[in-house]
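The values are calculated or read from the model by the stated rules, or taken from the named source; none is laboratory data. Note that this is a predicted model, so its numbers are computed, not measured. Note: ideal-geometry Cβ built from the backbone for every residue, glycine included; neighbour counts use all protein chains shown. For accessibility, only protein heavy atoms count, side chains too; no ligands or nucleic acids. Shrake-Rupley method; radii C 1.70, N 1.55, O 1.52, S 1.80 Å.
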Amino acid sequence: MFFRIISAVMFTVMGGTAGIYFSERLKSDLSFCRNIHEMFMNTAVIIRCSAVDVYSISMELKKNKKFQRFDFLQAIPEKYNPEEDFREIWINAVKSQKNLPEDVKNLLCDFGQIIGQSDIEGQLASIETLTEKAGILEKNYSDIYSQKGKLYRSIGMLFGIITGILII
């Protein structure tokens, strides 16, 4: 009987942990969307104030502690190399980061395509459009998290308790 009670408690804890894990994944996706929105706004400010090239932008983004979760930034060069295509490197680096949702990756790939592609006003207009898309994406992920986050935690705990009761 003692082992059944211990097993029941363990399954309850595992169910709760699984629910929390899936809820935290949703929260992480929301956090990425918020960081992307902020990255776009920071880049617009950098372009507006400094009128720098893509390599300087890359260096500034790497320095910013808010964007440390974007592992792909480390693969982006900080200096010009005529044998490398910046946009291709950007897209490959974004696609190589595993913990980003697909729609976030697509938005980041679009961003990599537009920076440094035209004059300052053209870049700012394109970044503003992408910032609006990032805001919409952030709102969508916020809605998903508020709806499903609590659901995942509750269902995980419920299944753990049910399994624990069945064991006893």
Pairwise FRET efficiency - Lys62 versus Ser118, Cβ, R0 = 25 Å, nearest 0.05: 0.60
Solvent exposure, largest accessible area first (probe 1.4 Å, DNA, RNA and ligands not counted), of Thr129, Thr12, Thr43: Thr129, Thr12, Thr43
Fraction of accessible area attributable to carbon and sulfur, the range 51-106 (%, probe 1.4 Å): 47 percent
Rg/Rg_ref, the range 57-120, where Rg_ref = 2.2 N^0.38 Å and atoms are Cα: 1.09
Order of exposure, largest accessible area first, which applies to Met10, Met1 with probe 1.4 Å: Met1, Met10
Only Lys, Arg (+1) and Asp, Glu (-1) charged, at Cβ; the range 9-168 dipole about Cα centre in debye: 920 debye
Quotient of Cα Rg and 2.2 N^0.38 Å for the range 1-139, N being how many residues it contains: 1.38
Highest-fluctuation residue, Val104, Val45, Val54 considered, GNM on the chain with Cα pairs under 10 Å: Val45
Spacing of the two label points (7 Å from each Cα toward its C-beta) at Gln147 and Ile20, in nm: 2.6 nm
Rg(Cα)/(2.2 N^0.38 Å) for the range 60-164, N = residue count: 1.44
Exposed-loop-free span, longest in the chain, where GluC sites (Glu not before Pro) count as exposed if DSSP calls them loop and at most 16 other C-beta atoms lie within 10 Å: 85-168
